[in-house]
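Presented below is the structure to which this report refers.
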Amino acid sequence: MSVQDTLRPAVTESAHRLLGFLQKTQEADGSWLVPYTGPNFLLPLYAITTYLTRHPVSERERSRLVAGLLKPQLPDGSIGLHEESVRGAVFTSSISYAALRLLGEKSDRPELVKLREWIHRMGTPVKAAAWGKFILSILNLYDWSGVSPVPPELYLLPKWFPLQPINISGYVRVVYLPMAYFYGRRWQAPLDPRLQEIRTELFPQGFDRIHWPRHRGDLAPTDHIVPESFLLRISLPLVRYLEKWIPSWIRQKAIKLAYEHICYEDDQSDYVRQAPVNACYNTLVHFIENQPERLRRSWEELPCYLWEHPDHTACQGFTSSKVWDTAFTLQGANHLPREMVPQPMVRLGCRYLVENQVVDELPDPRRYHRLPRKGGWPFSERRNGWSIADCTAESLLALVEAEPFLPQAVPREVIENGVRFILSYQNRDGGWGSCDRVVGPLWIEIFNASHVFADIMVDHSFAECTGSVLSALALIRKTFPDLESTRVSQALREGIRYLTQTQRADGSWEAVWGICFNYGTSFALPGLRAAGVPHRDPRILRGRDFLLKQQLPDGGWGEDPESCVERRPIPSAHGLVEPTALAVMALLASGPKEDLAVQRGLEFLCKAQKPDGDFPAQPIPGLFYRTTLIRYDHYKRAFPLKAFASYLAAR
């Protein structure tokens with residue numbers, strides 16, 4: 001009996017069990033819901049916002065927030081950037097300490113003693129990264145003169161000026177918008193007795209003795225992941241000096257305009273906002289502006305970012321990842337043999353996607369530094385209001401491929417609007433990013449002053465996003481040959497050009513939203529093949545060769561998160577579920593199903609599966625801005641389902 005004769009039944013059985021688990025865990029609305037947690041600076045900011053806005057917190061809520069803040073504490077007492085950090089950061093440790101004390105924890109609690117002692121050993125919060133110093137300044141636990149300037153006057157500059165916020169990535173722009181408001185007003189919380197105590201505890205050298213301007217760029221090694229450019233170091237003091245000459249009426253005009261933008265973002269997202277950092281900041285801004293109705297609406301939605309674990313509360317990077325996870329899950333189901341597919345599950349999932357497409361256009365989007373959004377899909381839910389290129393591509397793939405299982409086809413308008421949205425987001429280099437096009441020049445990246453996040457100033461094109469879009473547009477060209485045929489063909493050619501130019505010498509593509517070279521290559525290869533690049537093309541062969549060389553002795557694939565920081569492939573100690581499933585899919589898209597590497601990868605997945613059809617907990621597989629891990633817990637289900645389906649459908 002051949003390997004194929006035994007492997008196919010095993011894969012079929014694994015797919016059946018996984019489908020059974022997915023059917024049981026599908027939400028009533030048709031989606032799948034998992035925690036989207038990871039970064040350790042989100043929950044402290046949420047807790048701080050409750051204190052600053054005087055939002056009531058019950059004893060049960062308080063104790064669960066405290067448990068969540070202490071959950072990632074490391075043996076040395078510190079708290080790192082993300083849940084799986086092996087070393088602390090002064091940034092996250094300092095704001096976590098402040099949040100714990102503001103929630104009512106005593107300074108002599110053993111965990112706080114260890115945390116405080118670690119902060120002192122590292123040089124106190126004067127060594128924190130920029131975002132840490134900024135948050136502490138809002139709390140009146142730092143002085144504004146020691147913070148990197150974020151002048152609101154940038155909003156008054158003409159749009160052609162490179163550092164006008166319209167030219168900055170949307171993810172970062174909406175965070176720096178309220179930061180500019182706070183900085184422009186130099187707003188600080190009233191210094192009450194508790195804040196005075198925290199000052200004394202965090203700064204044993206004496207708060208009033210610190211020369212704050214000297215410490216603006218003073219960083220502990222743990223907080224100095226992304227060095228400041230020379231031009232940034234010399235320009236920030238110049239900005240600080242020039243601020244002295246700004247007339248007060250111009251400053252007030254800039255602050256007023258910033259608040260107008262904040263209200264626009266809140267109104268256009270039904271107060272869900274884009275992500276938790278700007279959600280917390282915007283909430284505080286409305287409190288400062290004495291807008292009780294906007295503050296009430298803010299607190300109606302802000303808890304949507306919380307995830308309730310059995311023993312603690314965590315804060316998510318979005319309100320959910322429901323659109324993203326649902327699209328991948330449906331794609332796997334759509335490719336299975338027809339008799340295996342649970343049609344009610346597919347129909348319910350498709351309904352969720354259709355209902356969460358963004359169907360309205362923003363009013364006057366360019367005035368408020370936004371691109372058109374109609375027809376796209378967000379990462380989480382329609383109300384978020386931020387259409388994203390690869391979320392739209394994956395949703396289109398799911399809906400178009402699901403047609404055989406639906407009582408009637410998805411309305412043509414849904415597909416047309418999605419395609420036109422994608423086409424409008426292609427960058428000049430041929431690739432696609434996420435929530436924005438590249439509007440400003442790439443060189444403005446030298447003004448990244450975050451210290452801990454890389455490549456934040458521009459929403460660059462990304463290999464994984466481009467691979468997703470190529471797969472979707474290729475399917476559209478095949479299924480709807482009359483739909484924007486000229487533009488679709490041109491976009492495919494340009495996307496191929498981008499992936500050709502960004503393929504590395506070792507055959508891989510580097511990703512930004514996953515770990516890392518395995519992830520990027522596993523999206524790029526299927527995209528190129530779907531777009532028409534032959535399987536014997538050197539680009540395909542080199543990409544396949546990279547993946548084959550990365551396979552581990554246990555038959556799986558895995559990559560260490562340090563790959564993202566060092567920007568070179570570093571294999572993990574053993575195979576992991578998500579990268580293995582992705583690699584199998586990429587190899588099946590670019591070569592024969594009989595490939596020994598494919599067989600070993602599938603055997604790895606079948607062996608790893610639990611009796612209930614699920615897979616064991618995996619290390620965090622996602623990240624953002626190359627440094628901070630973030631959870632995608634549904635990958636361990638959606639990607640194996642796609643891998644099983646791809647194998648069973650392969651000829």
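The values are calculated or read from the model by the stated rules, or taken from the named source; none is laboratory data. These numbers were taken from a predicted model, which means no experiment stands behind them. Note that each Cβ is placed from the backbone with ideal geometry, even for glycine, and that neighbours are counted across all protein chains shown.
Given the conditions (1) more than 23 Å from Tyr46 (Cα to Cα); (2) exposed (fewer than 14 other Cβ atoms within 10 Å of the Cβ), and given that Pro292 satisfies all but one, which numbered condition is not satisfied?
The one condition Pro292 does not meet is (1).
What number of residues within the stretch 601-611 are under 29 Å from the mean Cα position of the chain (by Cα) and surrounded by fewer than 17 Cβ atoms within 10 Å (Cβ to Cβ)?
Of the residues in the stretch 601-611, 1 are under 29 Å from the mean Cα position of the chain (by Cα) and surrounded by fewer than 17 Cβ atoms within 10 Å (Cβ to Cβ).
Per-residue answers, yes or no, for (1) touching a Pro at 6+ places or on another chain (Cβ under 9 Å); (2) in a helix (DSSP H, G or I); (3) not small (Gly, Ala, Ser):
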position: Gly184; (1), (2), (3): yes, yes, no
position: Pro213; (1), (2), (3): yes, yes, yes
position: Arg251; (1), (2), (3): yes, yes, yes
position: Ala258; (1), (2), (3): yes, yes, no
position: Ala279; (1), (2), (3): no, yes, no
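Would you call Arg544 in a helix (DSSP H, G or I) and either free of Cβ contacts under 8 Å to residues at least 24 places away in the same chain or of a type outside the set (Val, Ile, Thr) (or both)?
Answer is yes for this residue.
Conditions (1) assigned to a strand (DSSP E or B); (2) crowded, with 24+ Cβ neighbours inside 10 Å; (3) free of Cβ contacts under 8 Å to residues at least 60 places away in the same chain, marked per residue:
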{"position": "His535", "(1), (2), (3)": "no, no, yes"}
{"position": "Ala583", "(1), (2), (3)": "no, yes, no"}
{"position": "Gln599", "(1), (2), (3)": "no, no, no"}
{"position": "Ala617", "(1), (2), (3)": "no, no, yes"}
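Of all residues in the stretch 351-410, which are of a type in the set (D, E, K, R), in a loop (DSSP other than H, G, I, E, B) and crowded, with 20+ Cβ neighbours inside 10 Å? Steps first, answer last, please.
First, pick out the residues of the stretch 351-410 that are of a type in the set (D, E, K, R): 351, 355, 360-361, 364, 366-367, 370, 373-374, 381-383, 390, 394, 401, 403.
Among the residues that remain, those that are also in a loop (DSSP other than H, G, I, E, B) are: 360-361, 364, 370, 373-374, 381.
Once the filter is applied, which keeps residues that are of a type in the set (D, E, K, R), in a loop (DSSP other than H, G, I, E, B) and crowded, with 20+ Cβ neighbours inside 10 Å, the stretch 351-410 yields Arg370, Arg373, Glu381.
Rundown of residues vs (1) touching a Lys or Arg at 6+ places or on another chain (Cβ under 9 Å); (2) over 20 Å from Thr6 (Cβ atoms); (3) outside the structural domain of Glu562 (by TED's automatic domain parsing), yes/no style:
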| position | (1), (2), (3) |
| --- | --- |
| Gly601 | no, no, no |
| Asp614 | yes, yes, no |
| Pro621 | yes, yes, no |
| Arg626 | yes, yes, no |
| Asp633 | no, yes, no |
| Arg637 | no, yes, no |
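Within the stretch 293-326, can you find the residues that are in a loop (DSSP other than H, G, I, E, B) and without any contact (Cβ under 8 Å) to a residue 40 or more places away in the chain? Write out each step before concluding.
Here is the first cut: in the stretch 293-326, the ones in a loop (DSSP other than H, G, I, E, B) are 309-312, 316-321.
Residue satisfying the conditions is Pro310 alone.
Please specify each residue of the stretch 442-485 satisfying the condition of being surrounded by fewer than 20 Cβ atoms within 10 Å (Cβ to Cβ), modelled with pLDDT of 95 or more and in a helix (DSSP H, G or I).
Leu475, Lys478, Thr479
Please go through the stretch 110-145 and give me each residue that is more than 28 Å from the chain's Cα centre (by Cα) and either assigned to a loop (DSSP other than H, G, I, E, B) or among the aromatic types (Phe, Trp, Tyr) (or both), ordered by number.
Trp118, Met122, Gly123, Thr124, Asn140, Leu141, Tyr142, Asp143, Trp144
With the checklist (1) among the basic types (Lys, Arg); (2) at pLDDT 95 or above; (3) surrounded by fewer than 19 Cβ atoms within 10 Å (Cβ to Cβ) in hand, flag the one item Arg637 doesn't pass.
The number of the failed condition is (3).
Return a yes/no flag: does the stretch 109-116 have any residue that is hydrophobic (A, V, I, L, M, F, W, C), at pLDDT below 95 and at negative phi. Talk me through it step by step, then tell me what you get.
Here is the first cut: in the stretch 109-116, the ones hydrophobic (A, V, I, L, M, F, W, C) are 112-113, 115.
Among the residues that remain, those that are also at pLDDT below 95 are: none.
No, the stretch 109-116 contains no residue that is hydrophobic (A, V, I, L, M, F, W, C), at pLDDT below 95 and at negative phi.
Please find, among Ser148, Ser94, Ser107, the residue that is more than 26 Å from Ile234 (Cα to Cα), in contact (Cβ under 8 Å) with a residue 40 or more places away in the chain and under 25 Å from the mean Cα position of the chain (by Cα).
Ser94
Got a number for residues in the stretch 585-597 being assigned to a helix (DSSP H, G or I) and in contact (Cβ under 8 Å) with a residue 24 or more places away in the chain? Before you say what the answer is, go through the steps one by one.
To start, the set of residues in the stretch 585-597 that are assigned to a helix (DSSP H, G or I) comprises 585-590, 596-597.
Filter once more, keeping what is in contact (Cβ under 8 Å) with a residue 24 or more places away in the chain: 585-590, 597.
Selection size over the stretch 585-597: 7.
Run Val488 past the list (1) out of contact with any strand residue (DSSP E or B) (no Cβ under 9 Å at 6 or more places or on another chain); (2) under 22 Å from Phe639 (Cβ atoms) and report the number of the one that doesn't hold.
(2)
Just a yes or no: is a residue in the stretch 48-66 in contact with a His (Cβ under 7 Å, 6 or more places away or on another chain), in the same structural domain as Lys114 (by TED's automatic domain parsing) and either of a type outside the set (D, E, K, R) or over 27 Å from Asp218 (Cβ atoms) (or both)?
As a first pass, look at the stretch 48-66 and keep what is in contact with a His (Cβ under 7 Å, 6 or more places away or on another chain): 64.
Next, from what is left, pick out any that are in the same structural domain as Lys114 (by TED's automatic domain parsing): 64.
Filter again for either of a type outside the set (D, E, K, R) or over 27 Å from Asp218 (Cβ atoms) (or both), leaving 64.
Yes, the stretch 48-66 has at least one match.
Looking at (1) part of a helix (DSSP H, G or I); (2) modelled with pLDDT under 95, which is the only condition Asp266 fails?
Just one mismatch for Asp266, condition (2).
For residues in the stretch 3-34 being in a loop (DSSP other than H, G, I, E, B) and either assigned by TED's automatic domain parsing to the domain that holds Trp131 or aliphatic (A, V, I, L, M) (or both), which is surrounded by the most Cβ atoms within 10 Å (Cβ to Cβ)?
Taking the stretch 3-34 first, the residues in a loop (DSSP other than H, G, I, E, B) are 26-34.
The next check asks that each one be either assigned by TED's automatic domain parsing to the domain that holds Trp131 or aliphatic (A, V, I, L, M) (or both); those that pass are 28, 33-34.
On the way: Ala28: 7, Leu33: 16, Val34: 19.
That would be Val34.
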